[in-house]
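Only the coordinates and a few stated rules stand behind these numbers; no lab work does. The structure presented is a predicted model; accordingly, all values stated were derived computationally and were not measured. Cβ placement follows ideal geometry from the backbone for every residue including glycine, while neighbour counts extend to all protein chains displayed.
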Amino acid sequence: MHANTLREHSESLRKREYSSVELTRHFLDRIHRASDLNAFITITDEIALEQASESDRLLSSGVAGRLTGIPIAHKDLFCTRGVLTTCGSRILHNFKSPYDATVVDKLNAEGMITLGKTNMDEFAMGSSCETSYFGTVANPWDKARVPGGSSGGSASAVAARLVPVASATDTGGSIRQPAAFCGLTGIKPSYGRVSRYGMIAFASSLDQGGILATSAEDAAMVLQAMSGFDPRDSTSLQLETPDYCSILDHSITGKTIGLPKEFFDDGVDCEVAAIVQQSVMQLESMGAKTIDVELPNSRAAIPCYYVLAPAEASSNLSRFDGVRYGYRTGHYDDLVDMYEKTRAEGFGEEVQRRIMIGTYVLSSGYYDAYYIKAQKLRRLIADDFSRAFEKCDFILGPTTPATAFVLGEKNDDPVAMYLNDIFTNSANLAGLPAMSLPAGFDSRGLPVGLHLIGRYLDESTLLNAAHQFQRETDWHRRIPAEYQ
Amino acid sequence: MAIPEKPIIMSLTPTEIRHIAKLARLRMEDHQARSCATQLSRILELIEQMNRIDTSDIEPMSHPQDTALRLREDKVTATDQTEAYLEIAPASENGLYLVPRVIE
């Protein structure tokens, strides 16, 4: 049952081959049995079973939508009313949100079943899930390795088929890098497509919600349901959501794929590079053309990102002060003492490091040299993409320079950890849609991710190309042996 | 005075670290300041690579795709949620958040 696609679940539920309650119990049972992955912070058995019975009523009365009765898990930075929303942090370890995020709201309205909240790097700052206050998450393909981050709990859970699909967020690669490390299909839509209301903010000009799934078709179905204008988010775009599912079957003959030489340099592991090359040949055999493009400023993306993201984070995270919600230190002398101790005890090391960097680059005397400089580079990076898209329909490369690394390997070196985002964060800086899909496995049996970046607002072309690729390949159907 | 594009400081001292921590409202003990200085200096070295690219005459981009933030009508739409919000506060009384005494 757990290897089915969403479309198969949808059909089986409608034909009453199994009920939503049966499906929900099946997945909850798998979650409890796989507790060693530590993919979940909270499991919402009771709520899930209540939602499932309600969905079963809708299904039998014939008023159900195509996602009704299908389970999902939410990354623990989407607010869920009355349920813990921790953001992987001690400072929110006891926070029960008084309201639902719009994404949660929309998927509840579709009749999806919330199985729980997934583990993540604290405040989404990390590429390994090792910064969570709730412990590290294991990669189901090799439990000694990281699942990637920051949406590592969502990725680990979907890869082990503990849940068919999970929400996630991406500020610099937090959907795509874990998708690559766990052999999943993940999409970060264009900035503004998915409402950020109730999505705990990290870097507001970069954050975007999206989805981790096992196929492009599944991703398209859920993305469709979670996208759309939300008056409660001032960055939400007032646009109709395209019908992502209707374009999946289009041929990709004649589509032009841009290959930036900057994404194929010698920093890429040779097995990863070879697998990506094979994928390019696969797409060519399906009628796509390739062309070389240039993204000459892409080397500036990492330094630029590590100014802008911490700067925005230091501002966003100033709201955690021990006054209105979350953790407050036990002993304090005065207000400032309370703030300082609460934040030093409540935030983990990496989060404090980023707050410090952000505070520094925004501080008097350094603002122009760092923050404005980074914003100028951001424009150069975005302009590079605009020029490349004059020649191609989407850009392709590896999602990450290497496959999943061993837990603890990059813990002592923040800079080495930051380089995980080297191919992914430029899409966030430019606000472009991007996705990762499975392209093969290296000699250790670890998944390799293929990265596609599309034109602004053109998620359709990416999902179409990914779906067509998945009709010809079966990498996305592989399940880690222990979880089959 | 115009600030030159080139940052002035590449490595941070423990004293500077303590100053930044104060601005960020983070308690930083002296023994932490030293290792923090080393780590942050390494990150600043990475950030410093920005200066390899000339950006004179480039307009800063503050928002992806230069989209403007949408404004809404100045109208009250939220309902009174006082109770729900105070219920999750670390300390509250009579509809107010409690904090240590600020004015003697």
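Results, tabulated for the structure shown:
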read-out: Reduced Cα scattering model of chain B, Debye log10 I(q)/I(0), q = 0.25 Å⁻¹; value: -1.32
read-out: Within chain A, longest stretch free of exposed GluC sites (Glu not before Pro) [DSSP loop, at most 11 other beta carbons within 10 Å]; value: A:1-239
read-out: Rotationally averaged projected area of chain A (alpha carbon convex hull; nm²); value: 21.5
read-out: D_trans [Stokes-Einstein, Kirkwood Rh over alpha-carbon pairs] for region A:196-297, 37 °C, 0.692 mPa s, µm² s⁻¹; value: 192
read-out: Value at 222 nm in deg cm²/dmol, rounded to 500, when DSSP H runs of n ≥ 4 in chain A each add -39,500 (n - 2.57); value: -11000 deg cm²/dmol
read-out: Eligible lysines near A:K255 by straight Cα distance, threshold 18 Å, same-chain separation 8 or greater; value: A:K289, A:K391
read-out: Dipole magnitude of region A:308-376 about its Cα centre (Cβ charges: Lys, Arg +1; Asp, Glu -1), debye to nearest 20; value: 320
read-out: Contour excess over end-to-end distance, with Cα ends at A:H26 and A:L419 and 0.36 nm allotted per residue; value: 137.6 nm
read-out: Dipole in debye (nearest 20) - region A:209-315, about Cα centre, beta carbon charges: Lys, Arg +1; Asp, Glu -1; value: 180
read-out: Sites matching trypsin sites (Lys or Arg not before Pro) across chain B that sit in DSSP coil, with at most 15 neighbouring C-beta atoms within 10 Å; value: B:R70, B:R72, B:K75, B:R101
read-out: Inter-site label distance for A:A109 and A:H250 at 7 Å from Cα along Cβ, in nm; value: 2.7
read-out: Pairwise FRET efficiency - B:R101 versus A:M1, Cβ, R0 = 51 Å, nearest 0.05; value: 0.30
read-out: Computed label-point distance, nm, for sites A:N411 and A:D265 using a 7 Å Cα→Cβ extension; value: 3.0
read-out: Cα long-axis angle, helix B:30-48 against chain B (0 to 90 degrees, to the nearest 10); value: 60
read-out: Region A:185-254 shape via C-alpha gyration tensor axes, a/c threshold 1.5; value: prolate
read-out: Residues of type aspartates and glutamates that B:K75 reaches as a straight line, Cα spacing below 16 Å, ignoring anything fewer than 8 places off in the same chain; value: A:D233
read-out: A:M286-A:S204 FRET efficiency (beta carbon distance; Förster radius 45 Å; 0.05 resolution); value: 0.70
read-out: Selection from A:L380, A:A273, A:H74 lying farthest towards where the dipole of chain A points positive, charges on Cβ; value: A:H74
read-out: Three-way shape call for region A:87-228 based on the alpha-carbon gyration tensor, with the a/c threshold at 1.5; value: rounded
read-out: 5 angstrom amide H check on A:F40, placed H, neighbours 5+ away; value: A:N119
read-out: Under 5 Å, built H, 5+ apart or other chain: amide partners of A:I257; value: A:K289, A:T290, A:I291, A:D393
read-out: Chain A: DSSP helices with Cα axial extent of at least 18 Å and average Kyte-Doolittle hydropathy no lower than 0.0; value: A:270-285, A:301-316, A:349-362
read-out: Charge dipole (debye, nearest 20) of chain A; +1 at Cβ of Lys and Arg, -1 at Cβ of Asp and Glu; value: 480
read-out: Acute angle (nearest 10 degrees) that the helix B:14-23 long axis makes with the longest principal axis of chain B, alpha-carbon atoms; value: 30
read-out: Potential lengthening between A:R232 and A:K143 on full extension [0.36 nm per residue; Cα-Cα distance subtracted]; value: 28.0 nm
